[in-house]
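Notes follow the structure.
The values are calculated or read from the model by the stated rules, or taken from the named source; none is laboratory data. Just so it is clear, the model here is predicted, and its values are computed rather than measured. Cβ sites come from the backbone with ideal geometry, for glycine too, and all protein chains shown count toward neighbours. Accessible surface is based on the protein model in full, side chains and every heavy atom, while ligands, DNA and RNA are left aside. Shrake-Rupley method; radii C 1.70, N 1.55, O 1.52, S 1.80 Å.
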Amino acid sequence: MSGHTIAEFAYMLASAGVTYLVAWGAAWSYPQGAATIWPIGWVSIAVVIGVGLKSVLDSWRADRPHPSQGADD
């Protein structure tokens with residue numbers, strides 16, 4: 001795995017972490033709505049991870065050698 005792929009993965013995890021903190025802060029600040037806030041927060045985290053996975057896969061595919069390239073290229 002290259003540095004670019006690792007950076008994309010770390011960025012995806014950081015984005016999911018920030019999204020969790022936003023949901024936690026919202027649930028903490030409005031306890032009456034926590035039962036509604038948490039499911040929406042989990043869906044938001046899943047969307048952030050889904051969007052981030054595309055970037056991780058794109059960078060991983062770009063780093064792999066193409067089948068047309070030999071080991072000597």
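Report the percentage of all Cα-Cα pairs in the chain whose separation exceeds 19 Å, rounded to a whole percent. For the chain, the fraction of Cα-Cα distances above 19 Å is 50 percent. Per residue, the average separation of C-alpha pairs within less than 8 Å and at least 6 apart gives the chain a relative contact order of 46 percent.
In the chain, taking the dipole from charged Cβ atoms about the Cα centre, the farthest positive-side position among W28, A62, I45 is held by W28. Per residue, the chain exposes 75 Å² of accessible surface when a 1.4 Å probe is rolled over the protein heavy atoms with every protein chain present. Surface composition of the chain: carbon and sulfur make up 69 percent of the accessible area, probe 1.4 Å.
Between helix 3-29 and the chain there is an angle of about 0 degrees, using the helix long axis and the longest principal axis of the Cα atoms. One chain, two ends: I40 and Y11. Fully extended at 0.36 nm per residue, the span grows by 8.3 nm beyond their Cα-Cα distance.
When the dipole is taken about the Cα centre of the chain, and only Lys, Arg (+1) and Asp, Glu (-1) are charged at their Cβ, what size is it in debye, to the nearest 20? Walk me through the numbers before you get to the answer.
Values: 3 positive and 5 negative charges, 67 e Å.
The dipole of the chain has a size of about 320 debye.
Tell me what the chain gives for mean residue ellipticity at 222 nm when only DSSP H runs of n ≥ 4 count, each as -39,500 (n - 2.57), the sum divided by the residue total, rounded to 500 deg cm²/dmol. Before the final figure, lay out the partial values.
Details: 2 runs with 57 residues, N = 73.
-28000 deg cm²/dmol, from helical runs alone.
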